[in-house]
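The values are calculated or read from the model by the stated rules, or taken from the named source; none is laboratory data. Predicted model only: the values in this text are computed from it and were never measured. Neighbour counts run over all protein chains shown; Cβ positions are idealised from the backbone, glycine included. Note: areas computed on protein heavy atoms with side chains; ligands, DNA, RNA excluded. Shrake-Rupley method; radii C 1.70, N 1.55, O 1.52, S 1.80 Å.
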Amino acid sequence: MAGKKPYIKVTKNGPYLVYGVTEIDEKVILTDGEGFSVDYGKGKTFEIKSDPVALCRCGLSKNAPFCDGTHIKSGFDGTEKASFEPMQVNANVIKGPNLTLKDKEGYCAFARFCDVAGKVWNLVTVGDEESDKKAQEEACACPAGRLMVFDKEGKMIENKYGPSVSVLEDSGLKISGPLWVKGCIRVESCDGKSYEIRNRQTLCRCGNSDNKPFCDGTHASVRFKAKKTLNTLPKGVNQ
């Protein structure tokens, strides 16, 4: 796997096949005393020794984040409904004095960093230095890339990531979140067509998103909690 460029293949009504990675880590959404998301903490690290490795997307595996074949027995419908258009197409636009925010609501990962200091949608309209700084921080903390903030020249402001795949867990809501895919890893549909390559995106892990393969925040309403009983690679489903 060394030197191989990572990419993710969405299989028909089955798992994500992740190519070219040697580990998958767990990121924990940390909250303050008022329940606002404030940072990401480090959780477990899963060493990957096979290529590809199959990650659950039906939400029913008893060996999360890995697939254990339960999607076959459950009759999981993993039909992809997401658009192949760039994220900025048909995004809501909020223009402020110094910043412009573009919001693609259907890609919400419900991480809630956008609410910390008065909500990012309000902050971009204020125009003072402190509000602009907070607006940038909140937009950049969005794991899904739903929130995109731009400067006056139209350049997107965001953190740059190296290629990696993380499992999100939410300590505030005590639920499991999506897969956080960073660093411009290509995601290919089951039909072989690639989605827009993005610096940050989140893939549905609960099996209930209406915007598959991407997360739309439904895991929060269904109170999704991934089952993690083995935390080892199951035989026969990671090839």
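Filtering segment 79-107 to residues that are part of a loop (DSSP other than H, G, I, E, B) and either open to solvent by 70 Å² or more (accessible area, probe 1.4 Å) or touching a Ser or Thr at 6+ places or on another chain (Cβ under 8 Å) (or both) leaves Thr79, Glu80, Lys81, Phe84, Glu85, Gln88, Val89, Asn90, Gly96, Pro97.
Checking Arg205, Arg186 one by one, the residue that is at pLDDT 95 or above and either farther than 29 Å from Ala135 by Cβ or in contact with a His (Cβ under 6 Å, 6 or more places away or on another chain) (or both) is Arg186 and no other. Please work out if Ala54 is among the small types (Gly, Ala, Ser), crowded, with 18+ Cβ neighbours inside 10 Å and not in a strand (DSSP E or B). No, not satisfied. Val21 falls short on exactly one of the conditions (1) surrounded by fewer than 13 Cβ atoms within 10 Å (Cβ to Cβ); (2) aliphatic (A, V, I, L, M); (3) in a loop (DSSP other than H, G, I, E, B), and that condition is (1). Here Thr70 qualifies as under 28 Å from Gly192 (Cβ atoms), β-branched (Val, Ile, Thr), out of contact with any helix residue (DSSP H, G or I) (no Cβ under 9 Å at 6 or more places or on another chain) and surrounded by 13 or more Cβ atoms within 10 Å (Cβ to Cβ). Would you confirm, using the coordinates I've provided, whether Ala111 is surrounded by fewer than 23 Cβ atoms within 10 Å (Cβ to Cβ), among the hydrophobic types (A, V, I, L, M, F, W, C), assigned to a loop (DSSP other than H, G, I, E, B) and in contact with a Gly (Cβ under 9 Å, 6 or more places away or on another chain)? Criteria not met by Ala111. Filtered by the rule that a residue be among the basic types (Lys, Arg) and either out of contact with any strand residue (DSSP E or B) (no Cβ under 7 Å at 6 or more places or on another chain) or open to solvent by 50 Å² or more (accessible area, probe 1.4 Å) (or both), segment 1-18 gives Lys4, Lys5, Lys12.
Given the condition in a strand (DSSP E or B), of a type in the set (Val, Ile, Thr), free of Cβ contacts under 8 Å to residues at least 40 places away in the same chain and open to solvent by 50 Å² or more (accessible area, probe 1.4 Å), answer yes or no: does some residue in segment 30-44 qualify?
no
Tally time: how many residues in segment 158-192 are open to solvent by 20 Å² or more (accessible area, probe 1.4 Å), among the hydrophobic types (A, V, I, L, M, F, W, C) and in contact (Cβ under 8 Å) with a residue 24 or more places away in the chain? Residues that pass the stated criteria total 2. Residues that are within 22 Å of the chain's Cα centre (by Cα), of a type in the set (A, V, I, L, M), under 29 Å from Lys9 (Cβ atoms) and modelled with pLDDT of 95 or more are absent from segment 112-131.
Residue pairs whose Cβ atoms lie under 7 Å apart, sitting 6 or more positions apart in sequence or on different chains, and linking a residue in segment 212-224 that is polar (S, T, N, Q) to a partner that is open to solvent by less than 20 Å² (accessible area, probe 1.4 Å), are Thr218/Cys206; Thr218/Ser209.
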